[in-house]
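Below is one structure, written out as structure tokens; comments come after it.
The values are calculated or read from the model by the stated rules, or taken from the named source; none is laboratory data. From a predicted model like this one, the values you see are computed outputs, not experimental measurements. All Cβ positions, even for glycine, are placed from backbone atoms using ideal geometry, and neighbour counts span all protein chains on display.
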Amino acid sequence: MKIYSDEYRVYLGSLAHEHATALSEIGNDAEIAHDIAAPGEFPSPYKEENAIEFIKYANDTLDEGVEYHFGIFLKEDSTLIGVVGFMHVDRVNKKAELGYWIGKRYQGHGYATEALGIILHFGFLNLGLERVYAQTFSFNEGSKRLLEHIGFTLEGRLRKNTLLDEGFIDDYVYGLLKGEFDATDRFIKIE
């Protein structure tokens, strides 16, 4: 599956076995693991075997329609730069959790903003979601700024919710409703 907009420099695509090396290279960053997941949830170091395992999981859950994980690729040369997806998809209550990460050397160029615009369009208009939420660690200023920039509202703080090496930290919960998402300027195509 490929999801894209003619206006954006990135596209979202299904992950395949041939992406394992690139995925392990961009994911093998201790800062990424520390900034997005509790210890053990995102392996560090991130080896090719971890990437292969995740790719299989992503494809299995996509086929089942229970989770939607995609690679983020640069349009110009199809370089894999990160991952974005919906987890905990609740079809009854029409909601899902958004997760994402971008390789360090690709951060700060607006690629995450574009990738999130595409996945949100897909979620609200193609999956029929009414609510998308995201959690970020209290110290992850870049993630908080990104979510606020694309329209998410800070809904709460989960105090001492995650145990990291430095101790318990707070998690921030953000939400975006379908009615708050302006899809008029984001026409996506799905292949």
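Of note:
- Within the option set Gly123, Gly117, being in contact (Cβ under 8 Å) with a residue 60 or more places away in the chain, crowded, with 20+ Cβ neighbours inside 10 Å and under 28 Å from Leu80 (Cβ atoms) holds for one residue only, Gly117.
- Qualifying positions in the stretch 63-95 - among the charged types (D, E, K, R) and either touching a Cys at 6+ places or on another chain (Cβ under 9 Å) or not in a strand (DSSP E or B) (or both): Asp63, Glu64, Glu67, Lys75, Glu76, Asp77, Arg91, Lys94
- Residue in the stretch 126-136 that is assigned to a helix (DSSP H, G or I) and either exposed (fewer than 12 other Cβ atoms within 10 Å of the Cβ) or at pLDDT 95 or above (or both) present: no
- No other residue among Lys144, Lys189 is at pLDDT 95 or above and basic (Lys, Arg) apart from Lys144.
- All of (1) modelled with pLDDT of 95 or more; (2) more than 19 Å from Ser143 (Cβ to Cβ); (3) surrounded by 12 or more Cβ atoms within 10 Å (Cβ to Cβ); (4) not β-branched (Val, Ile, Thr) hold for Asp77 with one exception: (3).
- All positions within the stretch 29-61 that are out of contact with any helix residue (DSSP H, G or I) (no Cβ under 9 Å at 6 or more places or on another chain) and not in a helix (DSSP H, G or I): Ala37, Ala38, Gly40
- Pair list, Cβ < 8 Å and 6+ apart or interchain, from the stretch 54-68 residues that are touching a residue at least 24 places away in the same chain (Cβ under 8 Å) to residues that are among the hydroxyl-bearing types (Ser, Thr, Tyr): Ala58/Ser14; Asn59/Ser14; Leu62/Ser14; Leu62/Tyr68; Tyr68/Thr61
- Search result, residues across the stretch 48-62 that are closer than 17 Å to His88 by Cβ and either in contact with a Cys (Cβ under 6 Å, 6 or more places away or on another chain) or not small (Gly, Ala, Ser) (or both): Phe54, Tyr57, Asp60, Thr61, Leu62
- Test: residue in the stretch 6-24 that is out of contact with any helix residue (DSSP H, G or I) (no Cβ under 6 Å at 6 or more places or on another chain), over 25 Å from Val132 (Cα atoms) and among the aliphatic types (A, V, I, L, M): yes
- Every residue from the stretch 4-13 that is buried (at least 17 other Cβ atoms within 10 Å of the Cβ) and either at pLDDT below 95 or over 15 Å from Phe70 (Cβ atoms) (or both): Tyr4, Ser5, Tyr8
- Phe152 among the hydrophobic types (A, V, I, L, M, F, W, C) and at pLDDT below 95: no
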